[in-house]
Amino acid sequence: MTTIEAPSNAGSGTSDRDTVRLVEEHDLAALEVLDKEVFQDLAYSKHYLRTFYNLFRKTWFVVDRDGDLAGYALIGPDSDNREAWLLGLAVSERHQGHGLGRKLMRTAVDTMKDLGVADGFITVRPDNEAAFHLYESFGFLQDGEEREDYYGNGERRKVLRHSFEVDARPGGSGDAGA
Ligand SMILES: CC(C)(COP(=O)(O)OP(=O)(O)OC[C@H]1O[C@@H](n2cnc3c(N)ncnc32)[C@H](O)[C@@H]1OP(=O)(O)O)[C@@H](O)C(=O)NCCC(=O)NCCS
């Protein structure tokens, strides 16, 4: 069984004020507040957060900045780790623009690679340029046409995909987003 280590801060470009670690049960209340702040009516409910904790706590990372839960990256691998979905990436508004999103993405991509994932997937709203730019810089590219009403709330989504097997071949594309 693959063991995922919580990453160190070395070489991340952010400061010693930031610690990326695995989620803990006591974080759920702060995550609910953070998700509401960032995603409003599309935020995950307590029910979802609890379920994700039960299923994916070994691949769910949070970043603490000065003791404040500043953001998270939630990865949902399938049962044989062939595919994994980035189910959530968020940085609290007061901490945005300081490299934490990139740091969390680095952790998410490294985790997918450590698990031996062949294809990583993310969905993003077409107007979310900040997130799209970040994902693209890690090698996630649009997979097919934009999807109508993808989550049943009337909104369109781009599905992005990163094929790690292509990266692994000699001369593969790699990911630039370090
Ligand atoms: C997307 C998000 C996670 C980025 O986190 P962050 O900590 O602000 O991002 P970083 O400071 O690490 O910057 C990452 C990149 O995003 C870009 N970026 C950040 N905020 C931006 C903005 N408002 N507009 C355009 N680009 C932006 C930065 O330029 C940076 O790219 P660069 O390193 O090439 O300059 C954060 O903005 C967020 O939580 N947004 C709301 C929730 C969301 O949209 N999540 C993704 C759902 S798919």
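The values are calculated or read from the model by the stated rules, or taken from the named source; none is laboratory data. What you see is a predicted model; the values in this text were computed from it and never measured. Note that we place each Cβ from the backbone using ideal geometry, even for glycine, and neighbour counts take in every protein chain shown.
Yes/no per residue for (1) part of a helix (DSSP H, G or I); (2) surrounded by 13 or more Cβ atoms within 10 Å (Cβ to Cβ); (3) at pLDDT below 95:
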| position | (1), (2), (3) |
| --- | --- |
| Gly11 | no, no, yes |
| Ser15 | no, no, yes |
| His26 | yes, no, no |
| Lys36 | yes, yes, no |
| Thr51 | yes, no, no |
Counted residues, region 108-151 - those being within 12 Å of the ligand (Cβ to nearest atom) and part of a helix (DSSP H, G or I): 10
Scan region 148-160 residue by residue and report those that are touching a residue at least 24 places away in the same chain (Cβ under 8 Å), farther than 16 Å from Leu87 by Cα and not polar (S, T, N, Q). Glu155, Arg156
Given the structure, is Ala84 touching a helix residue (DSSP H, G or I) at 6+ places or on another chain (Cβ under 6 Å), near the ligand (Cβ under 7 Å from one of its atoms), part of a strand (DSSP E or B) and hydrophobic (A, V, I, L, M, F, W, C)? no
Is it the case that region 111-125 has a residue that's among the aromatic types (Phe, Trp, Tyr), in contact with a Leu (Cβ under 8 Å, 6 or more places away or on another chain) and closer than 23 Å to Trp60 by Cβ? yes
Six or more apart or on different chains, Cβ atoms under 8 Å: show the pairs whose first residue is in region 77-98 and touching a residue at least 60 places away in the same chain (Cβ under 8 Å) and whose second is assigned to a loop (DSSP other than H, G, I, E, B). Asn81/Thr2; Asn81/Gly116; Asn81/Val117; His98/Thr14
